[in-house]
Amino acid sequence: MNKMLLAALLMIGSISEAKTLVISDIDDTIKVSNILSKARSSGSAFDDDSRFVGMAEIYQALSNQIPNIEFHYVSLAPKLLMQEQHSDFLEENGFPITKLHMNNGIKQDPELKQKVIRALLKYEHPDLVIYFGDNGQFDAIVYNQMTQEFPEIPSITYIREAYSRLGQAQYPTMTGQIGFVTSVEVVLDLISRQILPLSNYKEIQNIVYDRLKKDDGDENFGPMVFPKWQDCRDFRWQWNVANPTKKLLTIMNAIEKRCQ
């Protein structure tokens with residue numbers, strides 16, 4: 001076989017085998033839970049409808065765009081109590097699933113996320129890891145720790161600004177991590193990195209815009225952009241969009257108003 005042809009085939013093979021891992025938290029990242037409030041979080045435990053709109057569609061777009069990709073959801077919730085509820089939430093809302101990782105016992109293991117992610121990275125040797133979390137508990141710290149332990153593995157970290165350092169946030173978004181409050185910022189960032197094509201933008205923009213038009217600022221249950229309790233005063237917009245659409249300007253204005 002021609003050496004140049006063989007090299008090309010080997011290169012194609014290596015590209016097709018490149019693996020991407022999506023590692024995602026659930027509560028307050030893709031599901032509206034208000035985990036820092038015992039009253040609200042206990043009420044949301046069996047709620048399969050309260051979700052941040054557009055996130056499932058972004059995960060689906062990643063699944064469709066990247067041939068060799070896995071989706072791992074890591075939750076500190078006890079498996080005995082919440083496995084069925086978390087599984088139902090993911091399936092009913094269209095989130096692609098490879099595996100759901102949870103605490104085996106009733107007592108939470110605070111190191112669970114590090115253990116799960118560390119094992120995945122060592123076993124899978126991915127070419128890219130995309131982390132999704134929120135600033136309510138330990139996600140920012142855990143993901144930062146993993147990027148330091150595995151500096152050879154490229155990664156992107158998205159942290160939902162669900163809380164503020166001026167309020168309840170004890171683990172704010174860290175340097176190098178990307179804070180967001182709606183799925184629009186996430187899709188814009190993924191497009192800017194050429195991970196998703198521009199064609200995915202319109203769907204997410206429309207989902208968020210249409211939901212904003214229905215929301216009244218008092219949302220606690222069901223699909224929503226901003227839950228009533230969200231405190232995003234730490235958030236800063238960092239995307240330059242040439243010729244933004246009227247819908248995007250509406251979304252940006254809503255974010256500015258909500259997070260000021």
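The values are calculated or read from the model by the stated rules, or taken from the named source; none is laboratory data. In this text, all values refer to a predicted model and were calculated from it rather than measured experimentally. Note: ideal-geometry Cβ built from the backbone for every residue, glycine included; neighbour counts use all protein chains shown. Only protein heavy atoms, including side chains, enter the accessible area calculation; ligands, DNA and RNA are left aside. Shrake-Rupley method; radii C 1.70, N 1.55, O 1.52, S 1.80 Å.
Each Lys and Arg adds +1 at its Cβ and each Asp and Glu adds -1 at its Cβ; summed about the Cα centre, region 143-201 shows a dipole of about 140 debye.
Stretching the chain fully between residue 178 and residue 97 yields a gain of 26.8 nm (0.36 nm per residue, less the alpha carbon separation). For region 216-221, 3J(HN,Hα) computed residue by residue from phi via the Karplus equation (6.51, -1.76, 1.60; θ = phi - 60°) reads 10, x, 10, 6, 10, 9 Hz, glycine and proline entered as x. Computed from backbone phi, the HN-Hα couplings of region 180-189 come to 8, 10, 9, 5, 4, 5, 5, 5, 4, 5 Hz, rounded to whole numbers (Karplus: 6.51 cos²θ - 1.76 cosθ + 1.60, θ = phi - 60°; Gly and Pro given as x).
Largest first and in whole Å, give the semi-axes of region 82-213's equivalent ellipsoid, each being the square root of 5 times a Cα gyration tensor eigenvalue.
24, 19, 18
Distant-in-sequence amide contacts of residue 51, defined by a placed amide H-H separation under 5 Å and a gap of 5 or more residues or a different chain, comprise 32, 222, 224.
Here's the list of aspartates and glutamates a cross-link from residue 113 could span, going by alpha-carbon distance under 13 Å and ignoring same-chain residues fewer than 8 apart: 25, 139. When the scattering of the chain is computed by the Debye formula from its Cα atoms alone, each counted once and equally, what is log10 I(q)/I(0) at q = 0.12, 0.16, 0.17 Å⁻¹? Computed log10 I(q)/I(0) values: -0.71, -1.27, -1.44. The portion of the accessible surface of the chain made up by carbon and sulfur, rounded to a whole percent, is 52 (1.4 Å probe; DNA, RNA and ligands excluded).
Placing +1 on the Cβ of every Lys and Arg and -1 on the Cβ of every Asp and Glu, with nothing else charged, gives region 120-260 a dipole about its Cα centre of roughly 500 debye. A 1.4 Å probe run over the protein chains yields, for the chain, 50 Å² of accessible area per residue, whole-number rounding.
Charge dipole (Cα centre; +1 on Lys/Arg Cβ, -1 on Asp/Glu Cβ; no other charges) of the chain amounts to roughly 460 debye. 3J(HN,Hα) couplings calculated from phi for region 94-102 with the Karplus curve 6.51 cos²θ - 1.76 cosθ + 1.60 (θ = phi - 60°) are, in sequence order, x, 7, x, 10, 9, 7, 10, 10, 9 Hz; Gly and Pro show x. Among 230, 255, 198, which residue has its Cα positioned farthest towards the positive end of the charge dipole of region 187-255, with +1 placed on the Cβ of Lys and Arg, -1 on the Cβ of Asp and Glu, and the dipole taken about the Cα centre? It is 198.
With semi-axes defined as the square roots of five times the eigenvalues of the C-alpha gyration tensor, the equivalent ellipsoid of region 74-115 measures 20, 12, 6 Å, largest first. Distant-in-sequence amide contacts of residue 234, defined by a placed amide H-H separation under 5 Å and a gap of 5 or more residues or a different chain, comprise 165.
Of interest is the spacing of the C-alpha centroids, which for region 235-249 and region 156-197 amounts to 15 Å.
Given their separation in residues at 0.36 nm each and the Cα-Cα distance between them, residue 168 and residue 194 gain 5.9 nm when the chain is fully extended.
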